[in-house]
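First up is the structure itself, then whatever we jot down about it.
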Protein chains: 2
Amino acid sequence: MPQPLRVALAGVGIVGVGVIKLIDTNRALIERRAGRPIEIVAVSARDRSRDRGIDISRFAWVDDAATLAAAHDVDVVVELVGGADGPALTLARETLSAGKPFVTANKAMIAHHGLELAAIAEQRGVPLKYEAAVAGGIPVIKGLREGAAANVISQVFGILNGTCNYILTEMEERGSDFTDVLAEAQRLGYAEADPSFDIDGVDAAHKLSILASLAFGTAVDFGAIQITGIRHVISADIAEAAALGYRVRLVGHGEANSKGLFQRVHPCLVPLSHPLAHVSGSLNAVVAEGNFVGRLFFQGRGAGEGPTASAVVADLIDIARGETGPAFAMPVASLAKPATAPAGDRRGRAYLRFTVADRPGVLAEITAAMRDAGVSIESLIQRGVAGDGNALIAMVTHTGPERSVVDALDRLDGSQSLAGKPMLMHILDD
Amino acid sequence: MPQPLRVALAGVGIVGVGVIKLIDTNRALIERRAGRPIEIVAVSARDRSRDRGIDISRFAWVDDAATLAAAHDVDVVVELVGGADGPALTLARETLSAGKPFVTANKAMIAHHGLELAAIAEQRGVPLKYEAAVAGGIPVIKGLREGAAANVISQVFGILNGTCNYILTEMEERGSDFTDVLAEAQRLGYAEADPSFDIDGVDAAHKLSILASLAFGTAVDFGAIQITGIRHVISADIAEAAALGYRVRLVGHGEANSKGLFQRVHPCLVPLSHPLAHVSGSLNAVVAEGNFVGRLFFQGRGAGEGPTASAVVADLIDIARGETGPAFAMPVASLAKPATAPAGDRRGRAYLRFTVADRPGVLAEITAAMRDAGVSIESLIQRGVAGDGNALIAMVTHTGPERSVVDALDRLDGSQSLAGKPMLMHILDD
């Protein structure tokens with residue numbers, strides 16, 4: 001009879017409850033697949049008595065999660081506390097330093113401290129696993145770390161935040177405004193009370209920084225990511241995009257090119273012919289392009305109790321099977337540290353939307369700025385806006401350097417003709 | 001300096017050349033990811049002097065591939081010879097029996113002899129890896145064996161044969177007939193001179209049997225698969241399907257239900273809202289549904305030099321990293337052997353197409369057979385067929401037991417009204 005893998009759970013919120021339910025429900029199958037039973041032996045959380053819908057009294061209770069690192073009857077610690085620093089980070093450091101495998105769903109911590117933790121894990125020869133940190137139940141960490149490992153990957157991009165995708169999809173389907181959909185998403189529990197990490201793109205950027213490291217063999221570099229959220233996308237943007245044959249999606253995009261590593265999170269226009277255009281609601285999806293495999297596409301549920309628990313327990317099964325190996329697919333010392341590639345060198349098409357005073361000369365002023373910056377316009381539409389006396393001008397540029405578009409907007413900065421900050425979204429062409 | 005993983009290649013056709021090119025091109029990155037160099041040291045093929053576009057004289061040449069199993073300077077054998085039996089099987093048995101890891105892209109051999117080989121591998125404690133055997137470069141073996149391992153999987157299905165998908169997509173886009181598109185596919189090298197393994201669904205069934213084993217924890221059972229190819233799909237079927245909002249795809253479908261294991265390869269109608277409807281040309285895609293993760297969707301290139309080589313080398317990197325573990329995700333003795341679930345118990349909608357003599361009473365005869373078998377018709381169309389004096393009747397049934405549709409067709413068997421065998425395709429509803 002093989003020894004069970006004894007697991008301690010730090011954090012028993014939605015995901016922790018999911019992990020407990022999953023191990024209860026699929027116990028026999030997991031034992032066959034893992035080669036040994038996986039048993040939760042101890043839990044720790046802020047509030048012991050909160051009603052979680054399941055009985056946790058059968059597990060040993062630990063007030064201070066940090067003691068799990070040293071517990072002699074715990075083989076592996078699963079951290080579901082969250083937060084880049086604080087108790088989660090202490091627990092990670094102490095668990096790995098104690099020579100114990102560590103599993104986490106904490107993208108913020110991996111984005112900010114993953115290299116430090118991977119180095120400790122490496123030194124102690126124990127696994128640091130974080131499949132649940134990116135794209136929930138989709139095995140995309142494994143897909144990049146192992147499945148596509150033979151490839152030089154040129155780019156990785158995807159829809160990495162289900163809350164934003166839900167909001168954009170709802171705006172698209174109902175023609176609603178951002179604030180209305182956000183309020184409803186909060187009411188339904190799809191968005192946090194403080195939604196800024198999601199809607200400002202920070203959560204997607206955490207995930208992108210991790211994917212980029214695995215894809216390109218580079219050190220995680222969260223600080224280098226250009227981040228734009230979806231707060232300023234208005235329903236008219238989505239309507240204009242639709243009229244032009246596009247959908248608006250918040251895309252995290254990493255690219256390794258001759259100038260270095262480019263990483264950006266931004267709302268962009270995705271043509272209907274692109275697989276990301278069909279990723280709706282709270283789904284997540286990731287595309288990776290390798291020099292031999294071509295384009296790989298992964299899609300699934302990116303968050304929630306079941307999918308996240310599925311990823312956590314997959315990591316536990318890997319550990320039970322004896323899988324070790326470097327957290328970022330190679331030793332930390334082997335990870336490259338490329339320069340940050342400037343966005344301005346990139347070439348592409350862009351969508352621009354201006355809210356303008358509805359008076360003579362405005363269109364001339366805007367198009368002159370485009371001309372002077374060397375931006376060529378592919379299509380343009382002007383519409384009156386009901387009520388406030390303003391008009392809306394939306395355009396799509398021809399392919400050109402991104403810096404020219406930025407230059408054009410700089411030229412218009414402070415113009416009395418503009419009734420608000422212009423909206424710039426890049427177009428994700430194939 | 002870590003020891004290189006020394007690889008022998010048996011078979012240097014398209015995929016073998018791809019593996020050599022890949023290891024040459026991505027050598028440095030592979031060494032970083034694998035933790036050691038991966039070196040091809042020996043090759044074996046039927047014809048030493050054939051022009052392959054690359055120099056293979058730098059590798060040791062072996063006339064009899066079977067000697068690679070015992071070669072003391074070879075750590076792992078990659079089999080790219082093909083064929084379920086014969087030299088490939090001999091090489092597999094001898095390599096694994098010699099306690100050496102074995103990598104193959106050979107779906108026919110794994111479908112027919114995978115359990116025997118896995119048992120040898122298990123006994124000797126060495127890996128048997130076959131990521132390239134299913135869906136080319138898409139890491140779907142790994143996705144099921146490891147990524148979704150925490151889940152009870154209820155069904156796995158997908159587009160597993162790029163040749164058939166190419167033919168069906170071309171028929172759809174150009175309105176061409178099957179035989180014309182097949183001839184062109186052969187001319188372009190997308191279909192074999194003897195295309196029967198592909199177009200009759202056997203290749204897809206090989207792959208399905210492997211996916212089903214991994215998904216359900218059951219022994220590979222190729223013999224239990226109901227197989228229908230695409231030979232009898234006519235352009236009118238594709239046009240009628242399109243008019244009804246469907247595309248025709250060859251789908252391999254495995255399901256674990258209370259009656260046992262159901263496995264079928266068949267052309268079916270996929271609604272445009274389904275992700276499989278957008279898998280075009282030679283792409284492959286696999287969907288798996290787990291009880292916690294929900295629906296996972298994987299898509300990519302299912303064949304060809306680059307994608308297949310990517311999967312072979314991913315297996316080599318796993319081996320270089322020290323990954324071992326059972327070939328079918330659990331010990332062979334743990335694999336269940338469920339009964340074959342009868343198709344007749346399944347409920348669903350179906351598409352039926354009859355080519356009939358264009359005379360009074362034919363429609364009455366067909367609809368009476370439907371009524372007598374208890375099949376309810378959702379929609380029906382009759383069209384005259386140019387030239388031969390026949391007419392075409394296409395219908396979609398309401399949801400009902402599959403056995404009723406079979407019963408209806410049995411009632412019409414031998415009818416003088418039918419100008420050919422009716423076409424039955426199931427509808428892949430969500």
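The values are calculated or read from the model by the stated rules, or taken from the named source; none is laboratory data. Please read all numbers here as calculations on a predicted model, not as lab measurements. Every residue, glycine among them, receives a Cβ derived from its backbone with ideal geometry; neighbour counts consider all protein chains shown.
Which pairs turn up if I take residues in region B:127-140 that are more than 10 Å from chain A (Cβ to nearest Cβ) and look for partners that are of a type in the set (Ser, Thr, Tyr) and not in a loop (DSSP other than H, G, I, E, B) with beta carbon separation below 7 Å, at least 6 apart in sequence or on another chain? Taking only residues 6 or more apart or on different chains, the pairs are B:Tyr130/B:Thr104; B:Ala132/B:Thr308; B:Ala133/B:Thr104. Starting from residues that are within 13 Å of chain A (Cβ to nearest Cβ) and assigned to a loop (DSSP other than H, G, I, E, B), keep the ones in region B:9-49 and report whichever is surrounded by the fewest Cβ atoms within 10 Å (Cβ to Cβ). Among them, the one singled out is B:Arg36. Answer yes or no as to whether A:Arg295 is buried (at least 21 other Cβ atoms within 10 Å of the Cβ) and of a type in the set (Lys, Arg). No: the conditions fail for A:Arg295.
Scanning region A:220-242 for residues that are free of Cβ contacts under 8 Å to residues at least 24 places away in the same chain and among the hydrophobic types (A, V, I, L, M, F, W, C) gives no hits. Can you pull out the residues in region B:131-188 that are surrounded by fewer than 24 Cβ atoms within 10 Å (Cβ to Cβ) and among the hydroxyl-bearing types (Ser, Thr, Tyr)? Answer for region B:131-188, where residues must be surrounded by fewer than 24 Cβ atoms within 10 Å (Cβ to Cβ) and among the hydroxyl-bearing types (Ser, Thr, Tyr): B:Ser154, B:Tyr166, B:Thr169, B:Ser176, B:Thr179. For first residues located in region A:250-267 and under 14 Å from A:Gly229 (Cβ atoms), partners that are of a type in the set (Phe, Trp, Tyr) and part of a strand (DSSP E or B) and lie 6+ apart or on another chain with Cβ distances below 8 Å form the pairs A:Val251/A:Phe157; A:Gly252/A:Phe157. When A:Val248, A:Val270, A:Val286, A:Val265 are checked against the criterion of being touching an Asp or Glu at 6+ places or on another chain (Cβ under 7 Å), assigned to a strand (DSSP E or B), crowded, with 20+ Cβ neighbours inside 10 Å and not polar (S, T, N, Q), a single residue qualifies: A:Val248. Whenever a residue of region B:273-296 is facing chain A (nearest Cβ under 9 Å), its partners that are acidic (Asp, Glu) and part of a strand (DSSP E or B), lying with C-beta atoms within less than 9 angstrom and at least six residues away or across chains, give the pairs B:Arg295/B:Glu289; B:Leu296/B:Glu289. Would it be correct to say that A:Gly300 is outside any helix (DSSP H, G or I), at pLDDT 95 or above, closer than 30 Å to A:Pro101 by Cβ and within 14 Å of chain B (Cβ to nearest Cβ)? Considered against the rule, which asks whether it is outside any helix (DSSP H, G or I), at pLDDT 95 or above, closer than 30 Å to A:Pro101 by Cβ and within 14 Å of chain B (Cβ to nearest Cβ), A:Gly300 comes out as yes. Of all the numbered requirements in (1) within 29 Å of B:Gly290 (Cβ to Cβ); (2) modelled with pLDDT of 95 or more, A:Gly99 misses one, and that requirement is (1). Residues of region B:97-119 that are assigned to a loop (DSSP other than H, G, I, E, B) and under 20 Å from the mean Cα position of the chain (by Cα): B:Ala105, B:Asn106. Residues in region A:201-244 that are closer than 15 Å to A:Val270 by Cα, touching a strand residue (DSSP E or B) at 6+ places or on another chain (Cβ under 6 Å) and of a type in the set (Gly, Ala, Ser): A:Ala241 alone.
Yes/no matrix, rows are residues, columns are (1) among the hydrophobic types (A, V, I, L, M, F, W, C); (2) within 26 Å of B:Asp315 (Cβ to Cβ); (3) assigned to a helix (DSSP H, G or I):
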residue	(1), (2), (3)
B:Thr95	no, yes, yes
B:Ala121	yes, yes, yes
B:Ala150	yes, yes, no
B:Thr163	no, yes, yes
B:Glu172	no, no, yes
B:Ala185	yes, no, yes
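Confirm whether A:Ala309 is at the interface with another protein chain (Cβ under 8 Å from one of its Cβ atoms), of a type outside the set (D, E, K, R), crowded, with 24+ Cβ neighbours inside 10 Å and within 29 Å of A:Ile199 (Cβ to Cβ). Against the criterion (at the interface with another protein chain (Cβ under 8 Å from one of its Cβ atoms), of a type outside the set (D, E, K, R), crowded, with 24+ Cβ neighbours inside 10 Å and within 29 Å of A:Ile199 (Cβ to Cβ)), A:Ala309 qualifies.
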